[in-house]
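Visitor: Can you keep this structure in mind? I'll have questions shortly.
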Amino acid sequence: MSQPGPTAHADAAPSAPESDAHLLRAHAEQAFAAELAALAAQDDALRPPSWRLSPGAVVTYLLGGTLPDGTVVTPKYVGPRRLVEVAVATLATDRALLLLGVPGTAKTWVSEHLAAAVSGDSTLLVQGTAGTPEEAVRYGWNYARLIAEGPSAAALVPSPVMVAMREGKVARIEELTRIPSDVQDALITVLSEKSLPVPELGTEVQAVRGFTVIATANDRDRGVNELSSALRRRFSTVVLPLPATAEEEVSIVVQRVEQLGASLELPPVPDAVEEIRRVVTVFRELRGGRTEDGRTTLKQPSGTLSTAEAISVVVNGIALATHFGDGVLRAADTAAGVVGAVVRDPVADRVAWSEYLEAVVREREGWAHFYRAGREAAG
Ligand SMILES: Nc1ncnc2c1ncn2[C@@H]1O[C@H](COP(=O)(O)OP(=O)(O)O)[C@@H](O)[C@H]1O
Ligand SMILES: [Mg+2]
């Protein structure tokens with residue numbers, strides 16, 4: 001499913017693992033196939049049923065480390081080890097895992113990597129929206145076959161959840177709280193009974209050991225579709241925090257920008273750290289409503305200004321520097337992106353931005369270029 005197998009059409013891309021290189025975005029289990037294989041080969045700890053790795057090796061895959069044979073496992077998630085251990089331990093129980101947090105705290109990212117490490121498959125995904133139908137959680141029908149043959153196993157179109165149950169894998173549900181409550185209710189049966197009845201065929205699908213669900217939800221959506229307490233009880237919740245310190249956030253951005261830049265074939269940019277530190281500082285100060293030295297109180301703009309947004313501002317800046325500049329990331333390359341992220345509401349956010357520029361940026365040593373670029377970009 002994730003890779004063209006030997007039966008793939010003759011015109012399809014070659015099925016060698018190298019063929020992932022042409023993909024705009026490889027799944028985690030493709031991008032990190034070598035690391036996952038090395039971890040599996042050197043993992044002699046106990047593996048829960050159907051797991052590709054032991055819980056300890058899953059944690060190493062997420063947080064990074066060096067294996068006995070010297071293989072370096074890159075860190076995917078930067079954050080408290082305990083939190084990752086709790087998440088992984090939950091997956092080894094019969095409870096599902098709910099990753100909660102503000103936007104841009106790597107909920108989706110962690111869920112993808114956990115599924116890749118545990119099941120070797122991160123693609124069994126349900127995207128939660130207000131319009132997510134019950135078929136996305138249970139099953140649907142191929143209507144042509146249904147009409148021609150009547151209900152049959154061949155006419156049934158399984159949901160990602162049903163496939164995960166059959167194969168003992170992790171199903172991922174994104175933005176759980178946005179899903180309408182009657183569709184959420186369908187999940188309760190799956191999670192409590194570990195079975196999915198198919199009354200049309202007089203059968204049911206019983207989950208194979210190893211089946212579990214990782215859901216993500218946004219803190220800010222709370223109240224849109226409050227999770228029923230019955231559903232909530234089926235999940236253990238792990239809250240992903242914003243990076244604790246500026247240094248931690250800078251290192252996350254540096255690392256992700258390197259990976260994204262490589263996959264977009266952007267050349268490495270020398271000395272980008274200084275600009276990255278500036279973007280991170282601006283975002284942290286504005287989202288916290290005060291300068292890092294604590295002396296100046298700031299108006300908080302309406303946008304989230306998360307780590308994820310800092311990453312995309314920097315990647316955009318690098319594309320500008322590469323194609324229209326001299327290949328060095330400069331204040332002028334990031335300023336437009338920063339302003340775009342900060343000024344979401346044209347009135348209130350613009351005021352917040354210009355106050356920040358005049359009161360903070362203007363006075364800072366070494367920030368003169370950024371001050372000018374920030375003024376120009378705001379128009
Ligand atoms: N603590 C972190 N460690 C590693 N990457 C992070 C961290 N926080 C944010 N990111 C990066 O931010 C990006 C977006 O995260 P995402 O999973 O989409 O956020 P969410 O689902 O919480 O809104 C990802 O590329 C991820 O690598
Ligand atoms: Mg997400």
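Rule-based calculations on the coordinates, nothing more; no lab input. A quick note: this is a predicted structure, and the numbers were derived from the prediction, not measured. Reconstructed Cβ throughout: ideal geometry from the backbone, glycine too, with neighbour counts over all protein chains shown.
Visitor: Of the peptides 290-297, 254-261, how do they stack up when ordered by the mean number of other Cβ atoms within 10 Å, highest first?
Guide: Working: 290-297: 11.5, 254-261: 17.8.
Going from most to least packed, we get 254-261, 290-297.
Visitor: Determine the relative contact order of segment 312-373: mean sequence separation of Cα pairs under 8 Å and six or more apart, normalised by residue count, in whole percent.
Guide: Working: 46 pairs, mean separation 17.7, N = 62.
Relative contact order here is 29 percent.
Visitor: While we're on this one: Around Gly374, under 15 Å between beta carbons, what's the net of Lys plus Arg minus Asp minus Glu among the other residues? Numbers along the way, then the final one.
Guide: On the way: positive: Arg278, Arg330, Arg350, Arg362, Arg364, Arg372, Arg375; negative: Glu275, Glu285, Asp333, Asp349, Glu355, Glu358, Glu363, Glu376.
Once all neighbours under 15 Å are counted, the net charge is -1.
Visitor: Taking R0 as 30 Å, what's the FRET efficiency between Glu358 and Asp219 from their Cβ-Cβ distance, rounded to 0.05? Walk me through the intermediate numbers first.
Guide: Numbers: r = 32 Å, r/R0 = 1.07.
E between Glu358 and Asp219, to the nearest 0.05, is 0.40.
Visitor: Please check which bits of segment 282-298 a label hung off Asn316 would reach, taking the label as a point 7 Å along Cα-to-C-beta and the cut-off as backbone N under 19 Å.
Guide: 282-287
Visitor: Ok, one more. What distance in nm lies between label points placed 7 Å from Cα along the C-beta direction at Ser192 and His323?
Guide: 5.3
Visitor: Pull up the cross-link candidates among the lysines for Lys107, meaning alpha carbon to alpha carbon under 23 Å and not fewer than 8 places away within one chain.
Guide: Reachable lysines: Lys76, Lys169.
Visitor: Antiparallel as a % of all DSSP beta bridges within the chain, to the nearest 5? Intermediate results must be reported in sequence, preceding the final value.
Guide: Numbers: 10 of 27 bridges.
Of the beta bridges lying entirely in the chain, close to 35 percent run antiparallel.
Visitor: Let me check I have the definition right: for the chain, take the eigenvalues of the Cα gyration tensor, multiply each by 5, take square roots. What are those semi-axes in whole Å, largest first? Please list the in-between numbers first.
Guide: Working: eigenvalues 335, 124, 88 Å².
Equivalent ellipsoid semi-axes, largest first: 41, 25, 21 Å.
Visitor: If you count, for each residue, the other Cβ atoms within 10 Å and average over each peptide, how do 168-178, 328-338, 83-93 line up from highest to lowest? Write out the running numbers ahead of the final one.
Guide: Numbers: 168-178: 23.8, 328-338: 21.8, 83-93: 18.8.
Ranking the peptides 168-178, 328-338, 83-93 by packing returns 168-178, 328-338, 83-93.
Visitor: Take segment 78-239, drop everything but the C-alpha atoms, weight them equally and run the Debye formula without solvent; then report log10 I(q)/I(0) at 0.13, 0.18 Å⁻¹ to two decimals.
Guide: The calculated log intensity ratios at q = 0.13, 0.18 Å⁻¹ are -0.59, -1.09.
Visitor: So, with +1 on the Cβ of K and R and -1 on the Cβ of D and E, and no other charges, what is the size of the charge dipole of the chain about its Cα centre, to the nearest 20 debye? Write out the running numbers ahead of the final one.
Guide: On the way: 36 positive and 47 negative charges, 175 e Å.
Dipole size: approximately 840 debye.
Visitor: Using helices alone, I'd like the mean residue ellipticity at 222 nm for the chain: each DSSP H run of four-plus residues gives -39500 (n - 2.57), total over residue count, nearest 500.
Guide: Numbers: 15 runs with 162 residues, N = 379.
Result for the chain: -13000 deg cm²/dmol, rounded to the nearest 500.
Visitor: Continuing with the same structure: Do you know the relative contact order of segment 78-239, to the nearest whole percent, from alpha carbon pairs under 8 angstrom that are 6+ apart?
Guide: Reported relative contact order: 34 percent.
Visitor: Let me make sure I get this right: for segment 242-329, a, b and c are the square roots of the gyration tensor eigenvalues over alpha carbons, sorted descending. Under 1.5 in a/c it's rounded, otherwise prolate if a/b > b/c, else oblate. Which is it? Before the final figure, lay out each step's value.
Guide: Details: a/c = 2.22, a/b = 2.03, b/c = 1.09.
Since a/c reaches 1.5 and a/b is larger than b/c, the shape of segment 242-329 is classed as prolate.
Visitor: Please identify, among Leu125, Leu98, Leu320, the residue showing maximal mean-square fluctuation in a Gaussian network model of the chain using a 10 angstrom Cα cutoff.
Guide: Greatest mean-square fluctuation among the candidates belongs to Leu320.
Visitor: In a Gaussian network model over the chain where Cα atoms closer than 10 Å are linked, find which of Ile214, Ile318, Ile147 has the largest mean-square fluctuation.
Guide: So, out of Ile214, Ile318, Ile147, the one fluctuating most is Ile147.
Visitor: Additional query: Work out from phi, with θ = phi - 60° and the Karplus expression 6.51 cos²θ - 1.76 cosθ + 1.60, the ³J(HN,Hα) of each residue of segment 41-56, listed in order in whole Hz, and give x for Gly and Pro.
Guide: Calculated HN-Hα couplings, in order: 5, 10, 10, 10, 6, 5, 10, x, x, 6, 6, 6, 9, 6, x, x Hz.
Visitor: Using only alpha carbon pairs under 8 Å that are at least six residues apart, calculate the relative contact order of the chain and give it in whole percent.
Guide: The normalised contact order for the chain reaches 13 percent.
Visitor: Pick from Thr203, Thr237, Thr304: which residue has the top mean-square fluctuation in a GNM of the chain where Cα pairs under 10 Å get a spring?
Guide: Thr203
Visitor: Taking H placed 1.01 Å from N in the peptide plane, check which residues at least 5 places from Val157 or on another chain put their amide H under 5 Å from its amide H.
Guide: Those lying under 5 Å, H to H, from Val157 are Gly140, Trp141, Asn142.
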